[in-house]
1. Expressed as a rounded percentage, what relative contact order does the chain have, with Cα pairs under 8 Å and six or more residues apart?
2. Is there a quick way to get the dipole size of region 1-64? I mean about its Cα centre, with the Cβ of Lys and Arg at +1 and of Asp and Glu at -1; what is the value in debye to the nearest 20?
3. Can you give the accessible area of Leu63 in Å² (nearest 10), computed on protein heavy atoms with a 1.4 Å probe?
4. Would you kindly calculate the translational diffusion coefficient of the chain, applying Stokes-Einstein with the Kirkwood radius from alpha carbon pairs, for 20 °C and a viscosity of 1.002 mPa s, and quote it in µm² s⁻¹ without decimals?
Amino acid sequence: MQEVHKKLGKRIAELRKKRGFSQEAFAHECGFNRSYMGAVERGEKNITLAMTNKVAKALKITLAELFKGV
């Protein structure tokens, strides 16, 4: 597992919590399975750019904002 996956997962979890989403509700909003979302947030999955874009849209931010600090 690469460090960048862990950093991105942590960033997604931070932003999700700030927006008041449970992991399950956020996964649904993105069109993902909850267990997949959990694996992404733990840095266990290599999320594609298309899926990362879905995450950014669900958070109502740009990809640049999502990757800030990663």
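The values are calculated or read from the model by the stated rules, or taken from the named source; none is laboratory data. What you are looking at is a predicted structure, and each value in this text was computed from that prediction instead of being measured. Every residue, glycine among them, receives a Cβ derived from its backbone with ideal geometry; neighbour counts consider all protein chains shown. Please note that ligands, DNA and RNA were not included when accessible areas were found on the heavy atoms of the full protein model with its side chains. Shrake-Rupley method; radii C 1.70, N 1.55, O 1.52, S 1.80 Å.
1. 42 percent
2. Using only the charged Cβ atoms, the result is roughly 200 debye.
3. Near enough 60 Å² of accessible area.
4. Details: Rh = 11.6 Å.
Translational D for this selection: 184 µm²/s.
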